[in-house]
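K.L.:
So that we are looking at the same thing, I have put the structure below in structure tokens.
Read-outs: derived from the displayed coordinates by stated rules, not from any lab. Please read these numbers as outputs of a predicted model, since none were measured by experiment. Using ideal geometry, Cβ is built from the backbone for each residue, glycine included, and neighbour counts are taken over all protein chains shown.
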Amino acid sequence: MNVAPLSGRPLACLKTSVRRARQQKAFLCRSMATGSQGRASPSSLPDYNFYQLKDQKTKKLRSAFAVYTPPTVKTNPTTITIVNKPPKPAKRTPEPKLPGLIAPPSDPLPILHASQIARMDPTGARTALFAKTKQGVRVGDVLMVTHRRGGEPFAGVCISIRRAGIDTAILLRNHLSKVGVEMWFKVYNKNVAGIEIIKRARRRARRARLTYLRKPKHDVGSVSDLVFAWKKTRKVFNTKSSPASSKTAKGAKAAKKK
Amino acid sequence: MPPRLPARSWRQPPLRPFLSPSSQSTTALLRPLLPLTTTRGVKYGWSTLPKRAKPTRFNQVTAGIPAPSTGPAAALKRRERTTPIRTGVLAIKKGMTAFMGKSGARIPCTVLQLDRVQVVANKTRDRNGYWAVQVGLGERAADNVGAPMLGYFEAKGLSPKKKLAEFKVRSKDGLLPVGVQLLPDWFHVGQCVDVRGHARGMGFAGGMKRHGFSGQEASHGNSKNHRTIGTVGPSQGGGSRVYPGKKMPGRMGGQRVTMQNLPVLMVDNELGIVVVKGCVAGPKNSVVMVQDAVKKPPPPAEFVGMTRQVLDERFPDAFEALEAARERHLELKKWRKDKRIEMLLSGENVAESHEVVL
């Protein structure tokens, strides 16, 4: 204790005694919950709490174990980087020391889907076309899909939309030479060059999947005449017209044509 | 009742009366009490051969006899080629999706997530008879863990894990420091992995579902046997019996299924995912084991070295933490054994008792 300035500051001796009391407080007032906190432990020892095992009948403490609680770093990925090649060890920068355990998000699939969709559909046209909005495609609409691998574009009634992120697919039904034909198309596949709305359903279908259209009673039949009429309005029969000037659905305009 | 012999008559005469008095004092006095058993050794005849003290000496390498083809060492040697050089990881199957290529290719894939995967222990040849790494996944609340496992994790300095599994490795080079976290970059894109999972249980299934039998025809006189398996073996020429291993109806699924040589399409540390091509057994949120493919060449040595280096850089003081946790565990173990753990928790005489323990 510093006694020199006692004459100048008579209450200064209180400071040291209070300081000592503050140090002792940690030892004197230790409850069960904080029993492990203040103890001198090696710096490399992670934090822990005591888990108490109690006797089921007497409710008395039977034993206690240290349960370690390592610091957990939650990742918050917004964009993900897709690694296409194994990393090269020669040009590597040293990794930083991790502050604790890295806890990834519990549901990675939506983030993965979002990143894949951003890669496969940078303009957002395909996403907008099948969004659950008024402008979006609904079951019952007549669609036409142009395939990149050549061949005639396939048109048909959309029977179902299977929404599965990047794997979203549509099922079209048509009659070719009086035989019912159904085709699945992956919306975000690069092979699907374009999707056009030929005709919208008159009213909203009250089913998610119009499987009843397969029954003869409800079958729409061939949609070739609808396609013909649509082509006429778009003036596709004119040899010099450009498809970009045509008036079609909002999303279909942006859909890529080969 | 016949008269009993006096107790002194049970005493036997000393066998070796000319021994030194010091040895006589202990052995000779005890000898009458011990049961009479013949001691090992040749008591008669003679031989010029050296003593056959150690029968295993015939199997020594120096004896010119080939190394034994059975036993632990031979088993390890036999499995050397099919044991991966480094450990695998535990992962959670998060579901299937597709990987769309720029050229229009669509690859069905499975998303596996590594949730706080840590090395928990190492199994060594000396102690356990084989080399392996014990890996833990996720986290488990302490009240769902029994006392023995609480002590186990206390000694490791880790929080209780949801799932533990062992991955055998080829040699001690495959062992890892305890406590380090394995992230998806443990694998690289393009390599092949084996994924083990537990298939869904289907219950008792018939031959058509379980083994893909084609069943029987619908008509032509068939009566109530459309999905039965039909005949189960040849007649008299084949011995008039059902051969062992005949595929029959029975319990289907609910067993471990290994999908071999699945290419890794993507790894991402932020999401904690490894995306592999194709399907993996088991429902969503089931735990699977992912390890380097056995039937493909191992990852390049520089990649393996790099992953080890990355672990050391990310967790430089894993060894110190483990040692500190072990010491603490021994202390606490003593407290528990002395029934003084309550004192420790309530903080009575902590400083004093602490020194005593140390």
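K.L.:
Can you pick out the pairs among B:LYS94/B:LYS163; A:LYS59/B:LYS161; A:LYS57/B:LYS161; A:LYS199/A:LYS235; B:LYS77/B:LYS296 whose Cα atoms lie more than 23 Å from each other?
P.N.:
A:LYS59/B:LYS161; A:LYS57/B:LYS161
K.L.:
While we're on this one: If you take the charge dipole of region B:230-358 about its Cα centre, with +1 on Lys and Arg Cβ and -1 on Asp and Glu Cβ, which of B:PRO249, B:ASN269, B:THR231 is farthest toward its positive end?
P.N.:
Looking along the dipole axis, the top candidate is B:THR231.
K.L.:
Expressed as cubic angstrom per residue, what is the convex hull volume of the alpha carbon set of region B:89-232?
P.N.:
Dividing the Cα hull volume of region B:89-232 by its residues yields 235 Å³.
K.L.:
Treat every Asp and Glu Cβ in region B:183-298 as -1 and every Lys and Arg Cβ as +1, leave all other atoms uncharged, and give the resulting dipole magnitude about the Cα centre to the nearest 20 debye.
P.N.:
Rounded to the nearest 20 debye, it is 780 debye.
K.L.:
For region A:114-211, what percent of Cα pairs sit more than 22 Å apart?
P.N.:
25 percent
K.L.:
So, one more: Please report the Cα spread of region A:188-229 along all three principal axes, rounded to whole Å, starting with the longest.
P.N.:
So the three principal-axis extents are 35, 26, 19 Å.
K.L.:
Return the average number of partner chain Cβ atoms within 10 angstrom of each residue Cβ along peptide B:305-318.
P.N.:
Mean number of neighbouring Cβ atoms from other chains: 3.
K.L.:
If you put +1 on each Lys and Arg Cβ and -1 on each Asp and Glu Cβ, how big is the dipole of region A:124-254 around its Cα centre, in Debye rounded to 20?
P.N.:
So the dipole magnitude of region A:124-254 works out to roughly 520 debye.
K.L.:
Something else about it: Inside 10 Å of the C-beta atoms of B:270-278, what's the mean count of C-beta atoms belonging to other chains?
P.N.:
5
K.L.:
Additional query: Taking the square root of 5 times each eigenvalue of the Cα gyration tensor, what semi-axes in Å does the equivalent ellipsoid of region B:202-358 have, largest first?
P.N.:
59, 28, 16
K.L.:
Oh, and also: Largest first, please: the extent of the C-alpha atoms of region A:165-210 along each principal axis, to the nearest Å.
P.N.:
29, 28, 18
K.L.:
Something else about it: Under the definition of partner shielding as Cβ atoms of other protein chains within 10 Å of a residue Cβ, what is the mean value for peptide B:116-128?
P.N.:
Averaged over the peptide's residues, the number is 1.
K.L.:
Just to check I understand the Karplus step: with θ = phi - 60° and J = 6.51 cos²θ - 1.76 cosθ + 1.60, what whole-Hz values come out for region B:67-82, glycine and proline as x?
P.N.:
Calculated HN-Hα couplings, in order: 4, x, 8, 10, x, x, 5, 5, 5, 5, 5, 5, 8, 4, 5, 9 Hz.
K.L.:
Here's another thing I want to ask about it. If you average the C-alpha positions of region B:230-277 and of region A:145-173 separately, how far apart do those two centres end up, in angstrom?
P.N.:
For region B:230-277 versus region A:145-173, the Cα centre distance is 34 Å.
K.L.:
Using a simple charge model, +1 on the beta-carbon of Lys and Arg, -1 on the beta-carbon of Asp and Glu, nothing else, what dipole does region B:178-238 show about its Cα centre, in debye to the nearest 20?
P.N.:
340 debye
K.L.:
So if each residue of separation counts as 0.36 nm, and I subtract the Cα-Cα distance between B:ARG106 and B:HIS226, what length gain in nm does that give?
P.N.:
39.4 nm
K.L.:
Pop out the ³J(HN,Hα) list for region B:98-109 in order, Karplus 6.51 cos²θ - 1.76 cosθ + 1.60 with θ = phi - 60°, rounded to Hz; leave Gly and Pro as x.
P.N.:
Each residue of region B:98-109 in turn: 10, 10, 8, x, 5, 8, x, 6, 10, 10, x, 9 Hz.
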